[in-house]
Number of protein chains: 2
Amino acid sequence: MHADLLIHSAAQLLTLASPAGPKRGAAMQDLGIIEDGAVAVAEGEIIAVGTTAELRATVQARREIDAAGRVVMPGFVDPHTHLVFAGSREDEFELRLKGATYMEIMAAGGGIMNTVRRTRAASEEELAAQAMPRLRRMLAHGTTTAEAKSGYGLTTADELKMLRVVDRLAGQQPVELVPTFLGAHAVPAEYAGRADAYVELVIEEMLPAVAAYYREQGRSLPFCDVFCEDGAFSLEQSRRILEAARGMGFPLKIHVDEFQPLGGTRLAVELGAVSADHLVCTPAEEIALLARSNTIAVSLPGTPFGLAHPAYTPARAIIDQGGALALATDLNPGTCYCESMPFMLALACRYMKLWPAEAISAATINAAHAIRMGHRVGSIEKGKQADIIILDLPNYRHLPYRFGTNPVQMVIKRGQVVV
Amino acid sequence: MHADLLIHSAAQLLTLASPAGPKRGAAMQDLGIIEDGAVAVAEGEIIAVGTTAELRATVQARREIDAAGRVVMPGFVDPHTHLVFAGSREDEFELRLKGATYMEIMAAGGGIMNTVRRTRAASEEELAAQAMPRLRRMLAHGTTTAEAKSGYGLTTADELKMLRVVDRLAGQQPVELVPTFLGAHAVPAEYAGRADAYVELVIEEMLPAVAAYYREQGRSLPFCDVFCEDGAFSLEQSRRILEAARGMGFPLKIHVDEFQPLGGTRLAVELGAVSADHLVCTPAEEIALLARSNTIAVSLPGTPFGLAHPAYTPARAIIDQGGALALATDLNPGTCYCESMPFMLALACRYMKLWPAEAISAATINAAHAIRMGHRVGSIEKGKQADIIILDLPNYRHLPYRFGTNPVQMVIKRGQVVV
């Protein structure tokens, strides 16, 4: 068999093979490791996986990469990012260190509305130019597919602008982008005290406009997401938006239980959301519901770290009860300015007691399923897209054991070496 | 005036100028910022510092670097590392996540003695080869000067071997290395139950041998350091070693209060140690003593982070009482496999509530004084060594605001571009 590329002699090839869907519970410990592993690629797809000896016997490759002494694994999938935004909020970071509360910062015009003002004022070109260095860092840290949310526009025109920026960025660099409409990220200042009116706007005007934008291009609809939280959208408001979105054919996501438990996890399960994200203060009975459901738990450990909050997702409970857990960065300018999935693994092991293998499953195959990309990416299996990274590490346990540096040596997207 | 190099147009040039010694208390907030800043270098030294307009009027340079939109600052100084060691301990990391205690791991032959066995078995060449990638990562993250300890040999021959490896590494790559003798890092297995006999060995055989090694080369003595901790060396044993070392002319350092408060901080102040390091559970009265003394407090936030322990150095109290605080990585294979000083700043701000400017002072000029290198490095001042880094950040607050990625774009050591 002829291949464009043969990666061979990997100390450990982590296949993450999981043909039946996301890895749940104890299955997250199984990385499908092939020692002295090899993978062959043709036309951007994986055409064979096995030991180096097996593939050498059957594959003639135009190019070879020797991964001796290194780990080869699927590219990371980052299933929750606020990639597109204008400006930054380092001043608020310092104010928080000096003791200002989040509410004081909000009252001074800070917080999400700070970024909304600047994002509204920015052109598509400016927004894309500001996001591009973040995408370069994501790619350099091994992320080959990422979700990207709107949510700093909060008008129909500005939300559509953000979704167009995601499309523009997808065509300009290698990281594959999966869009999410998050018009219900915050109640904008001009709707202060009239949250229900803003909910009407999201349902009556934004959702149809967003659906039309994708349908006109013959594309499937993006995710619809809601920030269900005190100060953002109540459980009832979240339900109205998500039910309307579901009725129009949007797949669902929801931000739940970041600061206050409002019942959003139960809602996610009830509505069949693809994922429920954050999950910091989720009550035990909702964790149990979630673990038995098909909704994927997306944990964002960079956010409590970024805020220096002590509480993280009860990820151990989710996995131990048989749930499917994914990890994401939550990259955003307020609470988590971090593009690195390797760092999320370091956090997940230390603060949520995930085992290294579980954290890797959460950041690859499960993250792919959390954005409905599990059929194409997230594992090294025949027929899947050739999204592969090579780590300058002798075995997979080094990935979370070390921290604060970048172990990614080479990144391959659709069969092309891009880093 | 003629220069080899002119770096100009920096959005912010952080001089860290502090001619009178380390920055103490409120002075740590002052970074000596020059906007549109420039620095001129000749023969590896800084010959002029000012605004771009000022230097353009007086300097003719053979090479120019445009730092527009970027931060220019002194290279980081990392004043506490265990750079030289053989092997790694990722298996113990996983065992800890699964609930094993440090004592269980010790009983199974793990912990420091795990690394000691492998370090004793390794040749100088092997030890240097294993440390080299760590030095490359340190340099890539902006560290231009670092302390490096012995302490995994624990025989006279193996401790000297480690110190020779430090010398070898110093000649093979750009990071300048300052050695520390840490024969009293642990009581080796062959002295189990006979700690006092090992203390005798350190005092009677190791210290003289180490002193002879440096004196024969006409060099000043390295630091002598002791791990004062339950399970390592008692306060009385630490005192005996440090007093003997001081009597022979060694400058002193001491690991104190990492897990148990034994009175080591008071001892450090009494003996005039150059630094007291770790300082996690130090009692308030010893913090007050330290803050009034000339002993520099070296905080190692990567260690609690690495262990996922909740307690960090009471750094705010040290600074607020007028003390001089420095930051270091504590790079080591057990608790903190991290070479990045930028990540230590991110931790220091979040978990110790340092302000961004204080953290930068702690990682440059104060870190330099913590290893008695403050006269040559740690600030951008005329006559100092040209150890300079350029950050791909628009202002200094971005340095700790972002985390988990590397903001260092260019590294200059003794006037040479090395990254």
Trypsin sites (Lys or Arg not before Pro) within segment B:35-103, DSSP loop, no more than 16 other Cβ atoms inside 10 Å | B:LYS98
In whole angstrom, how far apart do the alpha carbon centroids of segment A:172-247 and segment B:66-98 sit?
-> 42 Å
Over segment A:1-113, equivalent-ellipsoid semi-axes from the Cα gyration tensor in Å | 46, 17, 14
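Could you work out the local net charge near A:LYS149, counting Lys and Arg as +1, Asp and Glu as -1, over the other residues with Cβ closer than 11 Å to its Cβ? Don't jump to the answer; show the numbers that get you there.
Values: positive: A:LYS253; negative: A:GLU147, A:GLU159, A:ASP225, A:ASP277, A:ASP330.
Counting the neighbours of A:LYS149, the net charge comes to -4.
Share of antiparallel DSSP beta bridges in the protein assembly as shown, in percent to the nearest 5? Could you put the intermediate results ahead of the total?
Details: 52 of 118 bridges.
The answer is about 45 percent antiparallel.
Kirkwood Rh over Cα pairs of chain B into Stokes-Einstein at 4 °C, 1.567 mPa s: D in µm²/s? Please list the in-between numbers first.
Details: Rh = 21.5 Å.
So the translational diffusion coefficient is about 60 µm²/s.
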Amide H of B:ILE65: which non-local residues (sequence gap of 5 or more, or other chain) have their own amide H closer than 5 Å, using H built in the peptide plane?
-> B:LEU6, B:ILE7, B:HIS8
In segment B:216-292, which chymotrypsin sites (Phe, Trp or Tyr not before Pro) are in a loop and have at most 16 other Cβ atoms within 10 Å, using DSSP for the loop call?
-> B:PHE259
Using only the Cα atoms of segment B:180-252, each taken as one equal point scatterer with no solvent, compute I(q) by the Debye sum, divide by I(0), and report log10 of the ratio at q = 0.14, 0.28 Å⁻¹.
-> -0.39, -1.34
What is the calculated FRET efficiency for A:ALA212 to A:ASP30, with r their C-beta to C-beta distance and R₀ = 35 Å, to the nearest 0.05?
-> 0.20
Three principal axis lengths of segment A:380-419 [C-alpha, angstrom, descending] = 32, 20, 14
Estimated Rh, segment A:147-190: Kirkwood, alpha-carbon pairs, angstrom = 10.7 Å
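Volume per residue, Å³, of the convex hull around the alpha-carbon atoms of segment A:351-419?
Values: hull volume 7.4 nm³, N = 69.
Residue-normalised Cα hull volume stands at 107 Å³.
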Across the Cα atoms of the protein assembly as shown, what radius of gyration and what greatest pairwise Cα-Cα distance (Dmax) are found, in Å?
-> 27.4, 84
When chain A is treated as a Gaussian network with springs between alpha carbons less than 10 Å apart, the largest mean-square fluctuation among A:LYS382, A:LYS149, A:LYS23 is found at A:LYS382
What is the set of long-range amide H partners of A:LEU262 at a cut-off below 5 Å, with H atoms built 1.01 Å from backbone N?
-> A:ASP257
In nm, to one decimal, how far is the modelled label at A:GLU190 from the one at B:ARG316, with both set 7 Å along Cα→Cβ?
-> 4.0 nm
Cleavage-rule hits (GluC sites (Glu not before Pro)) in segment A:1-108: DSSP loop, at most 16 neighbouring Cβ within 10 angstrom = A:GLU43
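Can you say what percent of the DSSP beta bridges in chain A, counting only those with both residues inside, are antiparallel? Round to 5.
Details: 26 of 58 bridges.
Expressed as a percentage, antiparallel bridges in chain A total about 45.
Please quote Rg/Rh for segment A:252-404 to two decimal places, taking the Kirkwood radius as Rh and restricting both calculations to Cα atoms. Write down the numbers at each step before the final one.
Values: Rg = 14.9 Å, Rh = 15.6 Å.
We get a ratio of 0.96 for segment A:252-404.
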Out of all DSSP beta bridges with both ends in segment A:53-208, state the antiparallel percent to the nearest 5.
-> 0 percent
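Can you tell me the dipole magnitude for segment A:76-369 around its Cα centre, using point charges on the Cβ only (Lys, Arg +1; Asp, Glu -1), in Debye to the nearest 20?
On the way: 25 positive and 35 negative charges, 109 e Å.
Computed charge dipole of segment A:76-369: roughly 520 debye.
About the Cα centre of the protein assembly as shown, what is the dipole size in debye to 20, counting +1 per Lys and Arg Cβ and -1 per Asp and Glu Cβ, all else neutral?
Details: 78 positive and 94 negative charges, 171 e Å.
In total the dipole reaches around 820 debye.
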Farthest towards the positive end of the dipole of the protein assembly as shown, among B:GLN260, A:GLY263, B:ALA291 and with Cβ unit charges of +1 on Lys and Arg and -1 on Asp and Glu, lies the Cα of B:ALA291
Kindly put B:VAL274, A:VAL187 in sequence by how many other C-beta atoms sit within 10 Å of each C-beta, fewest to most.
-> B:VAL274, A:VAL187
Footprinting proxy, A:LEU252, B:LEU83: sorted fewest to most Cβ within 10 Å, the residues are A:LEU252, B:LEU83
With θ set to phi - 60° and the Karplus curve 6.51 cos²θ - 1.76 cosθ + 1.60, what are the ³J(HN,Hα) couplings of segment A:244-258 in order, to the nearest whole Hz, using x for Gly and Pro?
-> 4, 5, 4, x, 8, x, 6, x, 10, 9, 7, 7, 10, 6, 6
Per-residue mean of C-beta atoms belonging to partner chains within 10 Å, peptide B:404-412 = 5
Within a Gaussian network of chain B (alpha carbon springs, distance under 10 Å), most fluctuating of B:ASP158, B:ASP167, B:ASP196 | B:ASP196
Interatomic Cα distance distribution for segment B:178-301, bins of 5 angstrom, percent = 2, 12, 23, 23, 19, 13, 6, 2, 0
Under 5 Å, built H, 5+ apart or other chain: amide partners of A:GLU176 = A:THR145, A:ALA146
Could you list A:SER299, A:SER234 in order of exposure, starting from the residue whose Cβ has the fewest other Cβ atoms within 10 Å?
-> A:SER234, A:SER299
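Bear in mind these aren't lab numbers, they're just calculated from the coordinates by the rules spelled out. Not measured: the values here are computed from a predicted model. Because the Cβ atoms are built from the backbone with ideal geometry, glycine has one as well, and the counts that use them run over all protein chains shown.
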